[in-house]
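Each remark here refers to the structure printed beneath this line.
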Amino acid sequence: MMDTAVLTDRLEKTHDLSDDELSALLQCDDAEYLYERARAVCDRVYGNNVYLRGLVEISSFCKNNCHYCGIRRDNHNADRYRLDADTILRCCETGYALGIRTFVLQGGEDPWFTDERLCAIISAIKERFPDCAVTLSIGERERESYMRLHEAGTDRYLLRHETADKAHYELLHPKEMSYDHRMQCLTDLRDTGFQVGCGMMVGSPYQKLSHLICDLRFIQRFRPEMAGIGPFIPHHDTIFADHAAGSAELTLRLIAVIRLMLPETLIPATTALGTVETNGRERGLLAGANVIMPNISPADVRGKYLLYDNKICVSEKTAECIRCIHRRVESVGMKVVTDRGDPAKAQDLE
Ligand code: SAH
């Protein structure tokens with residue numbers, strides 16, 4: 001029996017453990033100390049600040065068919081919409097007035113959003129809000145496309161690797177999608193000069209503990225600026241409708257382990273974590289997360305961007321969402337800051 005406190009202390013000090021030790025930590029039944037140390041390390045690097053990322057869900061059209069996702073191409077029950085440039089700018093306007101300094105444009109892989117259209121939108125946002133960061137989360141594109149988007153002013157890009165195990169990746173995606181291409185995209189994004197976010201779902205169908213260890217090793221090697229970890233949640237119109245959701249507890253352990261492995265990583269307490277458990281996001285913060293991504297999409301499309309069932313914050317307006325987040329953050333002794341929330345550099349820590 002490996003002692004949780006001993007493993008936690010060693011992970012904090014050396015930023016590493018063996019595969020068996022990591023497995024033990026992920027499965028321990030006394031994770032409180034692990035969470036406490038992760039919170040303390042986060043505090044040392046970022047203080048008790050929580051950074052907001054305003055999420056604009058720009059399109060529910062998608063050419064892909066990921067087995068787990070509610071807006072997959074073959075879900076004919078999904079309500080499809082896309083936002084035009086003016087609408088996106090208005091969302092940013094609303095968010096800015098409420099203290100948002102990072103805008104994340106996320107959507108399905110919608111061919112309508114050509115490089116040309118996206119670059120025009122990004123330049124307009126950067127011109128209007130020069131003190132803000134712009135993040136894209138619109139899936140796999142070619143290297144040249146990433147270069148143009150970066151050139152237009154995009155600061156960051158979120159592309160979860162979903163699972164670092166190739167065979168597992170193939171169980172979660174249709175044949176026409178490839179693990180190698182997704183990984184290539186992450187390399188291209190890094191080479192292009194973006195701050196990059198990767199990450200995985202916890203408890204996705206067929207996932208084993210060994211896959212999560214593989215994810216941790218990938219994250220350790222890739223050193224993303226952000227690591228997005230959220231539980232898988234079934235969507236009723238997908239082939240995974242009858243699979244169980246991932247556990248909040250395991251998600252929290254992974255957040256804490258990543259905080260101790262890579263102290264400067266930005267880690268969101270995800271909406272999915274807040275969906276599987278009422279106070280999931282607060283617990284995420286207490287386990288070492290330091291980012292929350294409030295939805296700043298227009299009220300009339302919120303109910304259409306449904307990647308999974310029972311998603312929270314669908315019927316609130318932006319101002320209510322942000323007020324609610326302030327309250328939740330303060331309830332765990334942290335504070336929301338009006339800041340781009342760039343990653344701390346390793347040298348700042350010495
Ligand atoms: N099209 C973009 C954005 C995807 S949505 C892309 O491919 O990157 C952002 C993330 O939501 C996905 O990367 C995935 O990890 C997560 N997601 C999708 N379906 C989900 C589900 N059923 N449960 C939990 N998370 C899900």
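In a reduced charge model with +1 at each Lys and Arg Cβ and -1 at each Asp and Glu Cβ, the chain shows a dipole moment near 580 debye about its Cα centre. Using a probe radius of 1.4 angstrom, the carbon and sulfur fraction of the accessible surface of the chain is 49%. Each peptide in 265-272, 14-21 gets a packing score, the mean of other Cβ atoms within 10 Å over its residues, and the list from highest to lowest is 265-272, 14-21. The accessible-area ordering, largest first, of the residues V6, V291 stands as V6, V291, per a 1.4 angstrom probe. Coupling constants for segment 317-329 follow from the phi torsions by the Karplus curve (6.51 cos²θ - 1.76 cosθ + 1.60, θ = phi - 60°), and in residue order they are 8, 3, 4, 5, 4, 6, 4, 4, 5, 3, 4, 5, 5 Hz; glycine and proline get x.
In the chain, a dipole from Cβ-located charges (positive for Lys and Arg, negative for Asp and Glu) runs towards its positive end, and of G303, L273, V196 it is G303 whose Cα lies farthest in that direction.
Among the GluC sites (Glu not before Pro) in segment 105-200, those located in a DSSP loop and surrounded by at most 15 other Cβ atoms within 10 Å of their own Cβ are E142, E176.
Let me know the shape class of segment 33-135, please: from the alpha-carbon gyration tensor, a ≥ b ≥ c as square roots of the eigenvalues, rounded when a/c is under 1.5, otherwise prolate if a/b is greater than b/c, or oblate. It is oblate, given that a/c is not under 1.5 and a/b is not larger than b/c. If you plug the beta carbon distance of E21 and T87 into 1/(1 + (r/R0)^6) with R0 = 45 Å, you get a FRET efficiency near 0.35.
Projected label points at L171 and N77, each 7 Å from Cα along the beta carbon direction, are separated by 2.5 nanometres.
In the complete set of protein chains, residue-level accessible area for K166 is approximately 90 Å², probe 1.4 angstrom. Length gained on full extension, I239 to D3: 81.0 nm, using 0.36 nm per residue less the C-alpha separation. The listed peptides 326-337, 214-225, ordered by packing as a protection proxy, come out as 214-225, 326-337 (highest mean of other Cβ atoms within 10 Å first). Here, P(r) means the percent of Cα pairs in each 20 Å bin from 0 to the largest distance; for the chain it is 32, 62, 6. In this simple spin-label approximation, C324 and D131 carry label points 7 Å from Cα along the Cα→Cβ vector, and these lie 2.8 nm apart. Whole-Hz Karplus values for segment 15-20 come out as 6, 7, 8, 6, 4, 5 Hz, taken residue by residue from phi with 6.51 cos²θ - 1.76 cosθ + 1.60 and θ = phi - 60°; glycine and proline positions read x. Dividing the helix sum by the residues of the chain, where each DSSP H run of 4 or more adds -39500 (n - 2.57), gives a mean residue ellipticity at 222 nm of -13000 deg cm²/dmol. In this structure, T14 and T338 have a Cβ-Cβ separation that, at R0 = 41 Å, corresponds to a calculated FRET efficiency of about 0.70. Solvent-accessible surface of the chain, taken per residue with a 1.4 Å probe and all protein chains present: 41 Å².
The values are calculated or read from the model by the stated rules, or taken from the named source; none is laboratory data. These numbers were taken from a predicted model, which means no experiment stands behind them. Note that each Cβ is placed from the backbone with ideal geometry, even for glycine, and that neighbours are counted across all protein chains shown. Side chains included, ligands, DNA and RNA excluded: accessible areas come from the protein's heavy atoms. Shrake-Rupley method; radii C 1.70, N 1.55, O 1.52, S 1.80 Å.
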